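Visitor: Take this structure first; my questions come after.
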Amino acid sequence: MLIIPAIDLRDGRCVRLTQGRKELTKIYDGDPVEIAKSLECAGAQMLHVVDLDGAFSDPNSRNRQKLWEILRAINIPVQFGGGLRSGKDVFDVVQLGVTRAVIGTMAVQAFDSLRTLVRLFGQQRIVVGIDARNGQVMTRGWENEGGLDACEFARRVAETGVERIVYTDIQRDGTLTGPNIEETCMIASASGLNVTASGGVSSLEDLKRLKAASDCGIDSVIVGKALYEGHFIFEEAVRVVENSA
């Protein structure tokens, strides 16, 4: 079980949202680049970076500049998403040095483009982000309902050759109420793909529960607010996952 710490960016600053609502934004102290370096020093093997301004269709070059600085400052892979709505967007961040590009809205609204991206950039570099509320896929920064059942969409995604889905239960995200393991397993089972769980992790016990459910296809988890709020430190999380059955 790989633990992937998250850095969410708004206006070049590190923030966390609650249930994907931009009016519920909490800004955290510290430069995102320094936070990225400290997480690498703590043992992180990958970072998850999100351009929230891009996700909300609010152009902000400061976030891309911060992404560039993070990529230059650390040696571990970066998974990046938020506002990647065209092939050019994906090409640009891959050129910057991003290892995985997370596609959300475009995968829903331009499904054929997803196939093209997989063909151009490879199965491992293109990841599909499925963000759902009440089992329904949401798009454009979690503000619009895509009119798709999340499990059915996961099955379609698998047909494109994508190898990984990042699944976020929006109602859990940023709430520190625990991940929705049942729905995440349903996505993994429906698609047959590797799935990264996202949203709601609040404790070391949550990580143990996710590890215990890994047989269904969950092989990694994104953690954010729990780290920033001091519920546990990254080193503790790694030890717990390594030592749990």
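The values are calculated or read from the model by the stated rules, or taken from the named source; none is laboratory data. Every value quoted in this text rests on a predicted model; they were computed, and no experiment measured them. Cβ atoms come from the backbone with ideal geometry, glycine included; neighbour counts cover every protein chain shown.
Visitor: Kindly evaluate residue 114 against the criterion of being more than 26 Å from residue 207 (Cα to Cα), in a strand (DSSP E or B) and either of a type in the set (Asp, Glu) or touching a residue at least 40 places away in the same chain (Cβ under 8 Å) (or both).
Guide: no
Visitor: While we're here: Output the helices (runs of 4 or more DSSP H) that fall wholly within the stretch 171-234 and possess 2 or more residues being of a type in the set (A, V, I, L, M, F, W, C) and under 20 Å from residue 49 (Cβ atoms), or say none.
Guide: Once the helices (runs of 4 or more DSSP H) in the stretch 171-234 are filtered for at least 2 residues that are of a type in the set (A, V, I, L, M, F, W, C) and under 20 Å from residue 49 (Cβ atoms), what remains is 225-228.
Visitor: Out of the residues in the stretch 41-87 that are over 17 Å from the mean Cα position of the chain (by Cα) and in contact (Cβ under 8 Å) with a residue 60 or more places away in the chain, state the one that is surrounded by the most Cβ atoms within 10 Å (Cβ to Cβ).
Guide: Checked the stretch 41-87; the qualifying residue surrounded by the most Cβ atoms within 10 Å (Cβ to Cβ) is 42.
Visitor: Tally up the residues in the stretch 201-219 that are surrounded by 22 or more Cβ atoms within 10 Å (Cβ to Cβ) and closer than 21 Å to residue 35 by Cα, please.
Guide: So the answer is 1.
Visitor: Just checking, how many residues over the stretch 43-86 are part of a loop (DSSP other than H, G, I, E, B) and either modelled with pLDDT of 95 or more or over 20 Å from residue 227 (Cβ atoms) (or both)?
Guide: Count: 17.
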